[in-house]
């Protein structure tokens, strides 16, 4: 049974139809064949910062693809159907199923943490629909889906960096700081937190090998309202560095309680929570000096294959249109559709999901976030993009995210030096 037949059968078994949010380019006079792209992202909920630029990115993509995509002498119109995961894995799976079974998308894409990428990819895999995801370290994506490195997946592909890259960047930040090597580790009981805190695959082992002592009191439940026991353990151990992976509301609670309980680390390097200008602004003066990984910035030396915009042009365009500062997911959301366009142009038969998968697997292209090449990955179905790290520093009246270490990606320029928290 082909995947198309399978989807029609499953649809006939009672899939629920809901009203999708559709961003559509139509030509009343045209009779071009159409390729449907499903897009899932956390527009609302605690992960909404990842989707802040979605409307801007999709508007630009629709404009760039307005003339369609050429494939084998035909022009294919592109329809993008966007749905909100609401920052909830169950909802992400539900809307992915709607896109696959009701909307019958040809390709599904998703972004922004394993809470969105993993359930979407799982739905795509079981329903045999080509899928591309990003904005999630590859280990939570791959191993969080019970991936076997010897086999990989058949329909689902991912591009982003890995925990080895974020750990290397964090260590480079801390080595340059000259503080003591006792590190407070704070990890939630979710896919990201469990991966980052995993004794073998996460931070503990490489930190120990680098001479750091990680103080890990255990997992906390997301949206926790009391970090007192964690803070007490960190103070007792004399931790001068704090690291981990938290959603923005949890970090805000932790950081406020740290101040109340007189815990004063010299370096705070947190994944996920400290990516967004809106979060840093909400912290006021206590946002100054916090550090994080940097996936993408206006200073990254890459250009869009779709629009020929530089990273700076794309970031400046967002600010000009919205009045808000650039945010890191802009580049990766844009790159998702760069890859889609490239795949659609190269697939031997756009009516055959296997041919689309083959085109995804053979991708080798430069994007606005760097090279995407699935022939060169740590495991099957995964390819990595470059990563640096840096610090939020006050520049005039605004906080700017400054690249302060680039040892793992020297082609991305430094912007300044690390400063210890006062």
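The values are calculated or read from the model by the stated rules, or taken from the named source; none is laboratory data. The model shown is predicted, which means the values in this text are computed figures rather than measured ones. All Cβ positions, glycine included, derive from the backbone under ideal geometry; neighbour counts span all protein chains shown.
Look through region 124-134, keep the residues that are in a helix (DSSP H, G or I) and out of contact with any strand residue (DSSP E or B) (no Cβ under 7 Å at 6 or more places or on another chain), and return whichever of them is surrounded by the most Cβ atoms within 10 Å (Cβ to Cβ).
127
Read through the list (1) surrounded by fewer than 24 Cβ atoms within 10 Å (Cβ to Cβ); (2) under 19 Å from residue 53 (Cβ atoms), then give the number of the only condition that residue 409 fails.
All conditions are met except number (2).
Restricted to region 165-183, and to residues that are touching a residue at least 60 places away in the same chain (Cβ under 8 Å) and under 19 Å from residue 138 (Cβ atoms), which residue is surrounded by the fewest Cβ atoms within 10 Å (Cβ to Cβ)?
Among those residues, the one meeting the criterion is 168.
If residue 14 passes every condition in (1) at pLDDT below 50; (2) surrounded by 13 or more Cβ atoms within 10 Å (Cβ to Cβ); (3) on the phi > 0 side of the Ramachandran plot but one, which one does it miss?
Status for residue 14: all satisfied but (2).
If the requirement is being modelled with pLDDT of 95 or more and either crowded, with 22+ Cβ neighbours inside 10 Å or more than 26 Å from residue 176 (Cα to Cα) (or both), which of these qualifies: 256, 233, 237?
256
Return only the number of the condition from (1) surrounded by fewer than 19 Cβ atoms within 10 Å (Cβ to Cβ); (2) farther than 26 Å from residue 277 by Cβ that residue 59 does not satisfy.
Answer for residue 59: the failing condition is (2).
Would you point out the residue of region 375-386, among those that are more than 23 Å from residue 169 (Cα to Cα) and surrounded by fewer than 23 Cβ atoms within 10 Å (Cβ to Cβ), that is farthest from the chain's Cα centre (by Cα)?
375
Give me the residue from region 347-357 that is surrounded by 19 or more Cβ atoms within 10 Å (Cβ to Cβ) and assigned to a helix (DSSP H, G or I) and, out of that set, farthest from the chain's Cα centre (by Cα).
Per the criteria, the residue is 353.
Residue-wise test of (1) farther than 15 Å from residue 37 by Cα; (2) not in a helix (DSSP H, G or I).
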site: 92; (1), (2): yes, no
site: 99; (1), (2): no, no
site: 109; (1), (2): no, yes
site: 122; (1), (2): yes, no
site: 136; (1), (2): yes, yes
site: 147; (1), (2): yes, yes
site: 154; (1), (2): yes, yes
site: 168; (1), (2): yes, no
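So for region 28-37 (the condition being surrounded by 19 or more Cβ atoms within 10 Å (Cβ to Cβ), over 21 Å from residue 346 (Cβ atoms), at pLDDT 95 or above and assigned by TED's automatic domain parsing to the domain that holds residue 354), does at least one residue qualify?
So far as region 28-37 goes, no, none of its residues is surrounded by 19 or more Cβ atoms within 10 Å (Cβ to Cβ), over 21 Å from residue 346 (Cβ atoms), at pLDDT 95 or above and assigned by TED's automatic domain parsing to the domain that holds residue 354.
Just give me the residues in region 140-158 being closer than 20 Å to residue 87 by Cα and touching a strand residue (DSSP E or B) at 6+ places or on another chain (Cβ under 9 Å), in sequence order.
Within region 140-158, 141, 142, 145, 158 meet the criteria.
Which one of the conditions (1) in the same structural domain as residue 155 (by TED's automatic domain parsing); (2) touching a residue at least 40 places away in the same chain (Cβ under 8 Å); (3) surrounded by 22 or more Cβ atoms within 10 Å (Cβ to Cβ) does residue 315 fail to meet, given that it meets all the rest?
Answer for residue 315: the failing condition is (2).
Would you check which residues across region 345-399 are touching a strand residue (DSSP E or B) at 6+ places or on another chain (Cβ under 9 Å), without any contact (Cβ under 8 Å) to a residue 40 or more places away in the chain and not assigned by TED's automatic domain parsing to the domain that holds residue 140 and list them?
Hit for region 345-399 is 395, nothing else.
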